[in-house]
Amino acid sequence: MATLTVTLLRATNLPIMDVNGKADPYCVIRCNKCKHRSSVIKTTLNPVWNESFKFEISHPCWNPDSNADHTHFVIFDLWDEDTLKEDEFIGYFMIPVACMGESKIASKKYKLGRRSNDKAQGAVYVSINLDCPSLPSSWPLHKWIYNKTLSAGLQLSVRCLLEDQVHFPGAAERVELYLDNILVEIRSEGEIKESVRAIATVILTNFRLIILHRSHRDLCVENENNITMDIPLGVLWSVEGIKSDNKTVFFSGFDRDKKETLLIRCYDFRSICLTNFGVTKVPDPTQLNMSLVSPVDPQHQSPYVLIDNICTANESKYVNNDSGENADYVSNYSSIADESAARKEIEPHKRKRAIWYSQLAERNEITSESDQSQYESVDEHLPDYPNFTNCLANSSNNMFKRYMKKIASPRMEPPSQLLKFFYPNLPAKIPVCSSDLDVLKSRLEFHVFNHADNPAAFQYLKLLPSDLKNKISKCKGWNLYDVRKELKRFEIPIDKFYIFEGNSDYKLCPTYPSLLIMPSGIDFELIEQSSQFRSKQRVPTLVWYNSKQGNFILRSAQPLPGFMSHTSAGDEILVQTACTARKMDDKLHIYDARSSMAAGGNKLMGKGTEDVTRYKNCTLDYLDIPNIHTMRESIDKLYQTCFMPDGSKWLSQLENTQWLNYIVLLLKSANGIVYEMSVKNSSVLIHCSDGWDRTTQLTSMCQILMDPFYRTVDGFVILIEKEWLSFGHKFEDRLGYPSLPNERSPIFLQFLDCVWQLTRQYPSAFEFNSLFLLHIADNAYSRWFGSFLRNTQHENSKIREETLSIWDCVLADVDSIINWDYEKRENVLKPVCSLKVIKLWEEYFFRYDPTQWNSGYVTEEISQSNPQPVPNKGVVWEDDKTINKCQKCGLVFTTIRRKHHCRACGQIICGRCSNKSCVLPQLDYHSPVRVCGDCFAKSNSVDV
C-alpha cells in the first residue's frame, strides 16, 4: 500500500453557473471507493482551497498479489453547489497513478474536461505526494514499459539534422494503464464469424492505445493474425460497453456473455472489441475422460494444472459441439471401446502427467504444500493460455512432441521448466495491472470528449529530455513553404503581381495568410473595400500562375450582394485589374462550387454570388458540389457500410453512400476548370461559400493536374501548406471537435482520395506512393503534430514553438514513400471521371476490415513490413519477425522505415539500402526486382 497526499490548491476561470454571474464550486476527489469532498467557496470563479487529503492506494505494480482494489486514476470532479436544486456539474479531470513519481509534484495545472459535447472551461491547480515504501526501481511505470516493449518497432522517426533522427513519441510517452490477457477482435458490425481475434496486451499511454500481439513472439502457434497496432487518442470516435451473444464461441472454457466488452470506433475506419479474457466455464475432466488441457484463470480462483492423460499427439482435437455452447476438448476415437483400448495401450508408458489438483491428491502425487505452490505458480506466469492450450492440443506441434519425448519419469517436471521449454523468451515476472476494462473505458471516454482541447502534440516537447529537445529545435518542417520562393518559381512579372504585406497582423482577413499575392496597382484601400464585400473578408488573391500562357488561378469567398444586390467598386476594380494583367486575353471565368439554388438561398441571407454584368469579361458557372453536411452524412454512411457483415448488399449500400459519386464530381469539376485554362486559355476565380472547403479542394486539384511540381514529394507538401494550412482550412473543426459536431466533415480526406485516384490512373506521374497519402491521412486525425490542430495560419503561428510539424515525421524516411516508377511529365493530366474507373480507396477504408485481413489482404503500401513473397530456390530469406534493424545500415525499422527483402541475397534491408532494381534471370526474375546495393553491383559486374 502507498499513501497518496493530494493538495487541492485553487481553480481559475471557471464558467458562470449562477444568475449572479458567479459560482459556488467544490471538488470531490475519488480513488476507487474512497472519496473526499472539499469545502465550498462561495460566489467566485477563481476559488482558493489549499486543502490536503490522504488516500491509501494500491497499484498492481507495487502489490501484484494483493486482493485490494487497485487504483489506476485519481479523479477530480468539480461541482457547483445549489441550494434550490441539484448541484450542477462543472467539469472533471483524471491523473494516472502510473505516472506519479516518488517525489512531490509541484503545483501543476489541469484543464477541466467535459463528459459530453457541452463546453467545459477552467483549470485546477493540484499538488501530489506519493509515499510508497515498496515502490519498484522500475517506477514510474512508463520507464519499464518503454525500455522493454515500446522502444523498437512502434515508433515514428522525426527528421532533425542530416541523418540525425529522434523517435516519436519516444521518451515523451507515459504509460497510464497496462492490461493483460485481453481478447482483441477486429470485426464487422454485428458479425462474429469474420472477426480477427487474438490475445493481446493493451497499453494505454498519453499518446495512444497500443495493442501488442502476444503469441506471435513467445508461443508456438501457427496461422495467427498479428494484430499489433496503435490507436492515436485523437482518432477515437466513440467508446461504449456492449452486450455480446452468449452463444458465441471463442475459445474453450470462455463464456463471452459474462465478460466486459468494450467497443472502440475510430475515425480511421477501425472497429475493435476488447474483452476481459477470464475463465468462466471449465471443462469437467470426470465427464470427458480424455486428454485435457485446462486454461489458466488469471485471477487464481481455481487451482488446476495442465494435462490429464497425455497420449499421442493425435488423441485430441479442438472442436465445437453442435449445441452452440462453449467448445470442449474431445477424443477423436469413434467409440468408447476404442478409447478404452487406446488408454490401456498407453498406460504402460507411464505418460500420466499434471492432472487436476483433486486427482493429484487422490493419487498422493502432491506430497507437500511447496509442491502445490509450484503448480499454482503456473497460473501467474503463463502469458497466453488459450494459445498455450492450442499448442499442447495441436497434433502438428513438433515442440509438443519433443517435450513428450523429454519426459521420462512418472512425476511431472517443475512448472518453471515446463514454461521455459514452451516459452524460451519468457521474461521474469513483470508488473501486470488488473484487466479492468471499466477503468480503460472511463479514461478513453475522457479522451473522446477532451483530447481535442489538450492534444498529445503539446506533450511531446514538454516531456522530452533536454538533449533531445535541442535536436528537435533544429527541425524545419514549419518552414518548408515560403510565399516569396513560390512567387519566384511562378516567374511572375513584377509589373503584374506583387506580395501584399498588409495582412501581417491578420486584421484585414484573420483566416488568410499574412502575405498575399495581389495585382499590381491595387493598394490597401481597395483591398480593404473588397474584403468588406467578401464573406469572412476573404478577398480574391492569386494562388497559381502559368508563366507559359500567362493565365492564373484566383481564390476567394462568396461576395455579399444580398437580397438588395449591393455592389463594391473596390472588389470590381480588383478583379478587373487582375484580368488586365494578361496582354492577349483578359477573360476571367468564375466558378462557384455551389449549386445555383444554394447560391440563391445564400442571397436571401445577405450573401450570394457575382453579378457578371458588373464584372467585365467575366462568365459564371456553378459546379453543384454539395456542402460539408452532405459530405459528413456520406462518410458516416460509408463507415457503416464498410463494417456491414459479408453477404449484405455491398454494392447497393456503397452506392447509397454517394461517396464515389462525390469523388467523381470533384474530379470532373477540377477537370473542367483545367480544360478551360489549358485549352481556352482563360484565367479563373474559384470560390464556394466561405472559401475554405470546396474552394481549397478545387484549387489544389487544378494545380496538381496542371503543374508537375505539385506531383513531387516537395511540391505536394508545399501545396498542402499553401492551399490548406495558410489559406485557413478549418482542420480543428473539420476533423471532429466534440463541441462542434455539425462542423465535422471529410473535406481533406476527399482531397487525398482524389489524389489517390490520380495515382491509379497515372502510376508513373507522381513521385510519391500511396503510403505517403496514408501517412498524411492518419497523422491528420492523430493530433500528434501541430500542423492540423488549428483552423488558420494565425492560430498555427502561436503553437509552432510548442509542437512539431507533420512533415518532420512523414519526411523522415523519404525512401519509403518514393514511387520508384516516377517519370517527370510536363503535360497536363486529364483523368477519366467515371464510376467505371473510380474505385474505393481500399488501402485506407479496408485496412482493418476482417474479411480482407483473414484472406491475407495487406498491400505493400500499408504493411509495416513487406509481405512475404515466396523466394526462389537457391536463396534463403531472413525471417522478418526476428530482424528489427536494417542488415546493411543498421537503422531501426519503424512504421515509416519498412522492411524489404533483397531478392538476390535474401537479407532484410530498409528502403534506402534497397533503392536499386535489376533482373535476375538465374532466379527466375525476368523483370526488375528490388535488390541491395551490393547485389546490384555484382549483377552489373557479371553477365546475368
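The values are calculated or read from the model by the stated rules, or taken from the named source; none is laboratory data. Since the model is a prediction, treat every value here as computed from it, not as a measurement. Here Cβ is always computed from backbone atoms with ideal geometry, including for glycine, and neighbour counts include all displayed protein chains. When the accessible area is computed, the model is the full protein with side chains, heavy atoms only, and any ligands, DNA or RNA have been set aside. Shrake-Rupley method; radii C 1.70, N 1.55, O 1.52, S 1.80 Å.
General remarks:
- When nucleic acids and ligands are ignored and a 1.4 Å probe is applied, Tyr622 ends up with an accessible area of around 80 Å².
- The simple spin-label model puts a point 7 Å past each Cα toward its Cβ; for Thr567 and Glu491 those points are separated by 3.9 nm.
- Evaluated over the Cα positions of segment 503-568, the convex hull gives a direction-averaged projected area, one quarter of its surface, of 5.1 nm².
- Model label points for Ser547 and Gln640, set 7 angstrom from Cα along the Cα-to-Cβ axis, are 5.2 nm apart.
- Carbon + sulfur, % of accessible area of segment 764-832 - ligands and nucleic acids excluded, 1.4 Å: 44
- Taking 0.36 nm per residue of sequence separation and removing the Cα-Cα distance, the Lys109/Ser797 pair yields an extension gain of 245.3 nm.
- Surface accessible to a 1.4 Å probe, His729 within the full protein complex, Å²: 0
- Taken about its Cα centre, segment 588-647 carries a charge dipole of roughly 300 debye when the Cβ of each Lys and Arg holds +1 and the Cβ of each Asp and Glu holds -1.
- The 1.4 Å probe gives accessible areas that order Trp237, Trp820, largest first, as Trp820, Trp237.
- Using every pair of separate Cα atoms, the Kirkwood estimate puts the hydrodynamic radius of segment 610-702 at 15.4 angstrom.
- Low-density loop cleavage sites - GluC sites (Glu not before Pro) in segment 496-565, where at most 13 other Cβ are within 10 Å (DSSP): Glu501
- Taking N as its residue count, the alpha carbon Rg of segment 753-817 over 2.2 N^0.38 Å: 1.29
- 3J(HN,Hα) along segment 549-562, derived from phi through the Karplus expression 6.51 cos²θ - 1.76 cosθ + 1.60 where θ = phi - 60°, amounts to 9, x, 8, 7, 10, 10, 9, 6, 9, 5, x, 10, x, x Hz, with x in place of Gly and Pro.
- Heavy atoms of Ser52 accessible to a 1.4 Å probe, total area in Å² rounded to 10: 80
- In order through segment 815-832: 3J(HN,Hα) via Karplus (6.51 cos²θ - 1.76 cosθ + 1.60), integer Hz, x for Gly, Pro: 4, 6, 10, 7, 8, 6, 9, 5, 9, 5, 10, 8, 6, 7, 7, 10, x, 7
- Sorting Asp813, Asp453 by accessible area puts them as Asp453, Asp813; the probe is 1.4 Å, largest comes first, and only protein heavy atoms count.
- Pair Lys824, Ser442: separation of 7 Å Cα→Cβ label points (nm): 6.0
- Accessible area of segment 647-707 belonging to carbon and sulfur atoms, whole % at 1.4 Å probe: 51
- Listed pairs Lys85/Lys111; Lys111/Lys441; Lys680/Lys824; Lys607/Lys637 exceeding 22 Å between Cα atoms: Lys85/Lys111; Lys680/Lys824; Lys607/Lys637
- Going by accessible surface with a 1.4 Å probe and the largest first, Phe458, Phe731 read Phe458, Phe731.
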